[in-house]
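> Pasting a structure below so you can have a look.
The values are calculated or read from the model by the stated rules, or taken from the named source; none is laboratory data. Not measured: the values here are computed from a predicted model. In this analysis, Cβ positions are derived from the backbone assuming ideal geometry, glycine residues included, and neighbour counts consider all displayed protein chains.
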Amino acid sequence: MIELEGLRKEYRPLRGRRTVAIDRLDLAVPEGGVFGFLGPNGAGKTTTIRCLLGLVAATSGRMRMLDADIPNALPETIRHTGSIVEAPAMFPRFSGRRNLEVLGRLHHIGARTIAEALETVGLSERADDRVKTYSLGMRQRLAIAAAMLKDPALLILDEPANGLDPAGIVEVRQLLRRLGREGRTVFVSSHILPEIQQMADRLAIIARGRLVATGTVDEVLASRRATGMIVGLRDAERGRSVLESEGIASSLVDGRLRVDVPPSDAERLSRTLAENDLYLTELRPDEMDLETVFLELTSDQPAGPE
Amino acid sequence: MIALLRSEFLRLRSRRVLLFLTALGAAGILVGMSIAALKSHPGTSQQLELSGLPDILKGISFILIVFGLVIGASSVGADWQAGSMATLLTWEPRRTRVFVARVVVVVLTVFVVAVALQALLAGLFLLVADLRGTTELAGGVGKASEGAILRVGAMASAGSVLGMSIAMLGRSSTAALGAVFVYLAVVENLLRGLYPGITRWTFAVSAVVFVDGKPARLFNEVLTFDRALLTLGVYLALVLVAGLTSFRVRDVD
């Protein structure tokens, strides 16, 4: 659905040093489902999205979207692509409805579709108020409504939960999940890791303009965790001795044992301990959460070329 | 392209600055003509004469050119300021089309509004002259007024092109208005003072000749209407190309 090969974007100011916002970024976003695009501030997420949407020109590299080369085929692909780029930008002195009408006319979208989109995002009652009276969350909802107007096959959303209250975040999450289940491709950038973990089928992490990990959430988590199990026992010290005599390495961590065996060896582990009258109070894989993986991956990156 | 033009027209006619300035212009004309009616005394030297209408129309041309300039500059500058240019380009990424559609819509709208306001002025002028002034010695005034109305309307549209193109370069309405006023009031005056021979090539003098509709004597030469038209055309073409090029090649951050 989206393919990037060697995408690079340099900014060359008239004065000062050139900066590399994206550095040979390769990325493949499959069709259907929610794809999370993670990275710390300044990693190049928004620049990547701007390149895809033709707002900034890539310095080099190849982009494909909806099976067509970008930017050449953008006028056609944009008809099937809904997007939010960074902060939702609408005319503050127009009403929410008028903003959508101005955009809708570009693709022959009628008043009924606009009313439905406003209803979907819960803005019907305030639709005729000026956007400048909206809260940030309401503006974000309006931007989501605008992105949905074209009934898009591909949604590219840059931080769509920005400014939303907790209830709004849950609603947006559910909406995006639903859209993903419907077969649409939802490409969503965010720095809110739990959101992506709960919502995305696959994800990519970038740092300093470079891809540092991609895959399903489990695959990305697995890429950074050592195989192991956490074992709780009343006598952890004796447990460690028993396992050592069986040739299984382990260490004491916060009163529990961290055992160097894969989760698939859980049965052997519990049997070995039970045969020595040691009964489990806890047994689970030693998992890292996405936040830890994210921080490790992004802090590992060397500085990008200047 | 039709869809884009319809969208641009809806955007422009929803803008309060257009509605406000148009209403302000109409109110100013009503007030002005009311005062003229009160001050006009038939049969005296203070009576309103219909034959003076073309000069009155040319006299208000400056206001209408500034109106065009403000509408043109704000139609682009407001988009950059609100960030909605990026939103628009995620719906229609062909920037040349966007630029051309906006120029067409703004130029036509400014022309129609400028002509409508002048028509209102001319209608009221005729009414007041008929009731409280004189319509004598007004032969040919209709044709002269029609010509003035169209030329002033065209010049107001030219002002809008100037405002739009420079706002596209600077991505700001204020910067565009400032740049135009500084150029016309300071740079051209300075150039005319230093190099009198350059006068015939200046925008302001060409605009005056165009609105007047007849040649003007400048020092020891004559600036014809056609030459003024050509000069204005070159200026507008240059700023249009510069604005479009800037819009096409610069990143939208």
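> Given (1) more than 10 Å from chain B (Cβ to nearest Cβ); (2) within 24 Å of B:ARG250 (Cβ to Cβ), where does A:LEU118 come up short, assuming only one miss?
(2) is the only condition that A:LEU118 fails.
To keep it simple, each residue is scored yes or no on (1) more than 19 Å from B:LEU48 (Cα to Cα); (2) in contact with a Phe, Trp or Tyr (Cβ under 6 Å, 6 or more places away or on another chain); (3) not in a helix (DSSP H, G or I); (4) not polar (S, T, N, Q).
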{"residue": "B:VAL128", "(1), (2), (3), (4)": "no, no, no, yes"}
{"residue": "B:GLY139", "(1), (2), (3), (4)": "no, no, yes, yes"}
{"residue": "B:GLY147", "(1), (2), (3), (4)": "yes, no, no, yes"}
{"residue": "B:SER165", "(1), (2), (3), (4)": "yes, no, no, no"}
{"residue": "B:MET168", "(1), (2), (3), (4)": "yes, yes, no, yes"}
{"residue": "B:LEU177", "(1), (2), (3), (4)": "yes, no, no, yes"}
{"residue": "B:PHE181", "(1), (2), (3), (4)": "yes, no, no, yes"}
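> Are any residues in the stretch A:121-139 away from chain B (no Cβ under 13 Å) and touching a strand residue (DSSP E or B) at 6+ places or on another chain (Cβ under 8 Å), and if so, which ones?
A:ALA127, A:ASP129
> Also, quick follow-up: Could you name every one of the helices (runs of 4 or more DSSP H) located completely within the stretch B:1-103 that has at least 1 residues being out of contact with any strand residue (DSSP E or B) (no Cβ under 6 Å at 6 or more places or on another chain) and within 14 Å of chain A (Cβ to nearest Cβ)?
B:2-13, B:16-39, B:61-82, B:84-89
> Pull up the stretch B:204-237, narrow it to residues that are assigned to a strand (DSSP E or B) and of a type in the set (A, V, I, L, M), then point me to the one that is modelled with the lowest pLDDT.
Here the residue is B:LEU218.
> Anything in the stretch B:190-225 that is under 19 Å from the mean Cα position of the chain (by Cα) and exposed (fewer than 15 other Cβ atoms within 10 Å of the Cβ)? List them, or say none.
Within the stretch B:190-225, B:ALA204, B:LYS214 qualify.
> Within the stretch A:211-234, can you find the residues that are surrounded by fewer than 18 Cβ atoms within 10 Å (Cβ to Cβ), at pLDDT below 85 and not in a loop (DSSP other than H, G, I, E, B)?
The answer is A:ASP218, A:GLU219, A:ALA222, A:SER223, A:ARG224.
> I've got another one for you. Which one of these is over 24 Å from B:PHE247 (Cβ atoms), in contact (Cβ under 8 Å) with a residue 60 or more places away in the chain and crowded, with 24+ Cβ neighbours inside 10 Å: A:LEU52, A:LEU25?
Testing whether each residue is over 24 Å from B:PHE247 (Cβ atoms), in contact (Cβ under 8 Å) with a residue 60 or more places away in the chain and crowded, with 24+ Cβ neighbours inside 10 Å leaves just A:LEU25.
> Name every residue in the stretch A:180-210 that is surrounded by fewer than 20 Cβ atoms within 10 Å (Cβ to Cβ), among the hydrophobic types (A, V, I, L, M, F, W, C) and in contact (Cβ under 8 Å) with a residue 40 or more places away in the chain, in order of residue number.
Across the stretch A:180-210, the qualifying residue is only A:LEU193.
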